[in-house]
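The structure under discussion appears below in the form of C-alpha cells.
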C-alpha cells in the first residue's frame, strides 16, 4: 500500500506544478475579484431602488439593480437545473487546471473565472439569485442583458483563454 501511495505522489509531482507563486497569484486574484464583486453588489442592493435605472452615462451606461434567478444573460433553464452544483464543479475543475497547468500565463484567466464563479455562487446560495447591476446599451429599447462585476471577470477570463494561444504561436 505504501508503495502505491509513493508511486502516486511521484506521478503527481511529475505532472503537477505546485509552486507557491502560482497559487498566490491564483488565490490573490480570485479573492480580489470576489471581494470587489461582493462589495459592489452590497452597495448596489443598499443604495439603489430595485429595477429603477440610474443613468451614469446617458443612454449608454446605467446602474440597474435586479436579481437574476436564471443563468447567464437571464437565459432560463428548467427549475430543477442545479446552478450551484454546476458552479462547484467548475470551481473544482479550475483548481485542477491550475495544479496541472505548466504555463503560468494561464493562471490569471483561471483566477478571473474562479473569482467570478465564486462571487456569483455566493449570491445563489444566499439569495437563490444573482445580483446584476451593470446595464449597457445605446437607447432605452436596445440594451444588453444586465450583468455584474463577476460576469465581467468570467467573460474577460474566457476571452484571455482564447487569445493567449495566438500570442504563444508567434514566439
When only residues in region 72-91 that are outside any helix (DSSP H, G or I) and surrounded by 10 or more Cβ atoms within 10 Å (Cβ to Cβ) count, which is nearest to the chain's Cα centre (by Cα)?
-> 82
So which residues in region 68-102 are under 26 Å from residue 165 (Cα atoms) and in contact (Cβ under 8 Å) with a residue 40 or more places away in the chain, if there are any at all?
-> 72, 98, 99, 100, 101, 102
Going through region 43-59 one residue at a time, which ones are assigned to a helix (DSSP H, G or I) and either surrounded by 11 or more Cβ atoms within 10 Å (Cβ to Cβ) or modelled with pLDDT under 85 (or both)?
-> 43, 44, 45
Using the structure shown, decide if residue 98 is surrounded by 15 or more Cβ atoms within 10 Å (Cβ to Cβ), modelled with pLDDT under 95 and in a helix (DSSP H, G or I).
-> yes
Inside region 146-160, can you point out the residues that are within 23 Å of residue 76 (Cβ to Cβ) and surrounded by fewer than 17 Cβ atoms within 10 Å (Cβ to Cβ)?
-> 152, 155, 158
Which listed residue is at pLDDT below 95, surrounded by fewer than 15 Cβ atoms within 10 Å (Cβ to Cβ), touching a helix residue (DSSP H, G or I) at 6+ places or on another chain (Cβ under 9 Å) and within 30 Å of residue 99 (Cβ to Cβ), from 19, 6 = 19
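Yes/no per residue for (1) under 17 Å from the mean Cα position of the chain (by Cα); (2) assigned to a helix (DSSP H, G or I):
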| site | (1), (2) |
| --- | --- |
| 93 | yes, yes |
| 114 | yes, yes |
| 117 | yes, yes |
| 120 | yes, yes |
| 124 | yes, yes |
| 136 | no, no |
| 154 | yes, yes |
| 160 | yes, yes |
| 169 | no, yes |
Apart from one, (1) at pLDDT below 95; (2) over 26 Å from residue 20 (Cβ atoms); (3) crowded, with 16+ Cβ neighbours inside 10 Å; (4) out of contact with any strand residue (DSSP E or B) (no Cβ under 6 Å at 6 or more places or on another chain) all hold for residue 40; the odd one out is (1)
Which ones in region 126-153 are over 26 Å from residue 55 (Cβ atoms) and at pLDDT 95 or above?
-> 126
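The values are calculated or read from the model by the stated rules, or taken from the named source; none is laboratory data. All of these numbers come straight from a predicted model, not from anything done at the bench. Counting neighbours? That spans all protein chains shown, and the Cβs are built from the backbone with ideal geometry, glycine included.
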